[in-house]
């Protein structure tokens, strides 16, 4: 018994060491450590407070807890998005905890003697400085994501560059250094006005949208369920759409990058679903699977959409697109550009829900020009995650039938008058 207990303790210690090693190797952890070190160096130099206890303490705290704080900000934004379905609400949801954090940090700096009193007074006090740096921080994070979506840099490097510029300008601006002070204020208020202004413009487009035109509807559709059908019907009716073009994700950008870096892999096939898992190279601070780790192959999801739309009598109003080469190279931004090319001058409406995936798609619509968003608040109990776990009654009859045949691992799937060969979960039409 003693030997067993000792072995368990050794295994537990080894697991703890391995978890600590992976945490230290995480790019997010390194970003936090770099931000803390840069913050200490900039404020220490600009304000002459190298030995200040408040500055040292906050820098250490930031280096350790910044990844956790980032996750909390993400959750706040997701909650606000799903509650209200407006971009402005989501951005405000992220802004509030970030401002509260920066306000607390700057208050500690101010009352702990880490700030130059004349310098901080020159930008309106520590509360205004916290407001400005929060607006700038949010702005550079959205710019980082925007650039990545267009193939410019990678997310960690873009965020690192943006936050570094913000940290340097904040430190020297709050010290009252000429030009740095003006650049700090212009950057903060400029990015803040742009960020919330563009969000408000998107929300106004969603409320004041004219009728007529074509809808675009993007998502994983993993699988296509009853809420998707409801959303289609309502959008067509309320916006008077001629048709809706649906395009499922192939491999989401997050997963494509993670596959390329060797951070995730397909572990196995289970009941027709590909099961993704992390590898040893995965970043412990990254949520690789915000919508679950079970995925139907994209070809199968496309067929399920076609079958469900046909069964619902919407085939003449819905086009299911599958532009693999365009999506693989340019994502949904490229798909929208192709839709515009094929339908010049036609008004576009972007359909979406208000869950994580839906609001991600909403941001893509907003990045691609003057598209009128149409959103449906998710208040039902229909869940793709629940369906993948075996829940019934959430998909149309034909989708339910196909999923059951895939679960049974039938070599041939028959549905909607069509026959498909089942090649490890990938449905291929014909014998």
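Take the convex hull of the alpha carbons in the chain; its mean projected area over all directions comes to 25.7 nm².
The tail of the calculated P(r) for the range 233-376 beyond 21 Å holds 51 percent of all Cα-Cα pairs. Taking 0.36 nm per residue of separation and subtracting the Cα-Cα distance, full extension of the segment from residue 51 to residue 152 would add 32.4 nm.
With a cut-off of 8 Å between alpha carbons and a minimum separation of six or more residues, what is the relative contact order of the range 72-147 in percent? Don't jump to the answer; show the numbers that get you there.
Numbers: 52 pairs, mean separation 19.9, N = 76.
Reported relative contact order: 26 percent.
In degrees, nearest 10, range 0 to 90: what is the angle between the Cα axis of helix 155-174 and the longest Cα principal axis of the chain? So the inclination is approximately 30 degrees.
Using a simple spin-label model with pseudo-atoms 7 Å out from Cα toward Cβ, residue 409 and residue 104 lie 5.1 nm apart. Rounded to the nearest 10 degrees, the angle from helix 226-239 to the longest Cα principal axis of the chain is 80 degrees. Distance between the modelled labels on residue 207 and residue 270, one decimal in nanometres: 4.5 nm (7 Å Cα→Cβ projection).
Here's the picture: a label point sits 7 Å out from the Cα of residue 259 along the beta-carbon direction, and within the range 392-426 the residues with their amide nitrogen under 18 Å of it are 423-426. Here the contact order of the chain, divided by its residue count and restricted to Cα pairs under 8 Å and six or more residues apart, works out to 16 percent.
For the Cα atoms of the chain, what angle does the longest principal axis make with the long axis of helix 27-47, in degrees from 0 to 90, nearest 10? Compared with the principal axis, the helix lies near 30 degrees.
Within the range 182-218, name every residue whose backbone N is under 17 Å away from a label modeled 7 Å from Cα of residue 251 along the Cβ vector. Inside the label zone: nothing.
With the simple spin-label model, which puts each label point 7 Å out from Cα in the Cβ direction, the residue 194 to residue 315 separation comes to 4.8 nm. Highest mobility in the GNM of the chain, judged by mean-square fluctuation with C-alpha springs under 10 Å and restricted to 54, 408, 201, is found for 408.
Once you have a ≥ b ≥ c as the square roots of the Cα gyration tensor eigenvalues for the range 2-203, tell me rounded if a/c is under 1.5, and otherwise prolate or oblate according to whether a/b is larger than b/c. In terms of gyration-tensor shape, oblate.
Quick note: the coordinates plus some simple rules give every number you see, no bench work behind them. What you see is a predicted model, and the numbers here were worked out from it, not measured in a lab. Cβ sites come from the backbone with ideal geometry, for glycine too, and all protein chains shown count toward neighbours.
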